[in-house]
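The values are calculated or read from the model by the stated rules, or taken from the named source; none is laboratory data. Just so you know, these numbers come straight off a predicted model, no measurement behind them. Virtual Cβ from ideal backbone geometry, glycine too; neighbours counted across all protein chains shown. The protein model used for the area step is the full one, side chains on, heavy atoms only, and it has no ligands, DNA or RNA in it. Shrake-Rupley method; radii C 1.70, N 1.55, O 1.52, S 1.80 Å.
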Amino acid sequence: MFKAVIFDMDGVLIDSEPHQLKLHEDYLKSKGIYLKPERLNLIVGGNPKLRWDSIKDAFQGKMKREEYEDDYAKYHNKDIEINYKDILNPGVVDILKWLKNESYKVALASSSGMNKIQMVLKQCGIEEYFEAVLSGEMFNNSKPDPEIYLTMVKKLKLEPKDCLVIEDSVYGITASKAAGIYTVALEENRFGFDQSIADEKITNLLELKKILKKDVRT
């Protein structure tokens with residue numbers, strides 16, 4: 001039986017991806033760069049390195065990654081205030097309470113920085129449910145590299161077969177599958193994500209109950 005559920009954050013716990021995409025789109029337009037939606041969507045779900053790799057050629061060699069990140073931060077005055085509780089996805093608190101009552105280990109593995117992760121958990125009042133948290137900034141290679149998930153499995157003192165991951169982006173699903181973990185995709189149709197390699201797809205986090213109650217692993 002599954003013993004742990006590992007959550008992604010952006011797109012799974014909070015619906016932050018449209019907000020982040022708009023910030024990047026506005027910044028690029030201020031530089032006279034207009035990307036087609038399918039190109040811009042490559043930013044979604046990626047860590048800073050992947051975001052830069054997706055758009056760097058649009059700068060035609062006029063800017064390096066560090067310069068881009070500094071300039072982007074200045075353009076948006078370091079960060080635009082957002083109340084993460086307002087964009088908490090439906091069913092998050094209920095499923096976390098259920099998992100705790102059912103004695104599952106609950107963890108979080110996100111490509112976002114630790115400061116943002118801690119802010120999200122605090123604002124949404126869900127810190128208490130996570131016994132382990134990892135940030136992509138802790139690794140040389142974050143998602144789609146499986147290291148963050150392999151490290152989390154070890155941190156929980158479990159095996160990949162004991163865990164279930166809930167993801168939404170191509171990067172996250174790829175990382176989880178590469179780690180040998182049963183992967184459930186939270187359906188996302190706005191950014192052209194190919195979620196086909198996930199083991200199952202759900203439209204609401206509360207659907208995890210049915211998956212966890214049956215032995216779905218082969």
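Annotations
- Any chance Leu42 is crowded, with 18+ Cβ neighbours inside 10 Å and within 21 Å of Thr203 (Cβ to Cβ): no
- For segment 189-218, a tally of residues being more than 18 Å from Ala4 (Cα to Cα), modelled with pLDDT under 95 and touching a helix residue (DSSP H, G or I) at 6+ places or on another chain (Cβ under 9 Å) returns 5.
- Here Met63 meets the list (1) of a type outside the set (Gly, Ala, Ser); (2) in contact with a helix residue (DSSP H, G or I) (Cβ under 9 Å, 6 or more places away or on another chain); (3) touching a residue at least 24 places away in the same chain (Cβ under 8 Å) almost entirely, failing just condition (3).
- Total residues in segment 166-186, condition over 13 Å from the mean Cα position of the chain (by Cα) and either among the charged types (D, E, K, R) or more than 23 Å from Leu99 (Cα to Cα) (or both): 2
- Scanning segment 183-203 turns up no residue that is out of contact with any Lys or Arg (no Cβ under 7 Å at 6 or more places or on another chain), aromatic (Phe, Trp, Tyr) and open to solvent by less than 10 Å² (accessible area, probe 1.4 Å).
- Taking segment 1-23 as the range and being over 15 Å from the mean Cα position of the chain (by Cα) and open to solvent by less than 10 Å² (accessible area, probe 1.4 Å) as the test, only Ala4 passes.
- Subset of segment 175-209 [in contact with a strand residue (DSSP E or B) (Cβ under 9 Å, 6 or more places away or on another chain) and either assigned to a helix (DSSP H, G or I) or of a type in the set (Asp, Glu) (or both)]: Ala175, Ser176, Lys177, Glu187, Asp199, Glu200, Leu205, Glu207, Leu208
- In segment 27-36, of all residues being in a helix (DSSP H, G or I) and in contact (Cβ under 8 Å) with a residue 12 or more places away in the chain, the one that is surrounded by the fewest Cβ atoms within 10 Å (Cβ to Cβ) corresponds to Ser30.
- Candidate set from segment 77-121 (those that are of a type in the set (Asp, Glu) and without any contact (Cβ under 8 Å) to a residue 40 or more places away in the chain); member that is nearest to Asp162 (Cα to Cα): Asp86
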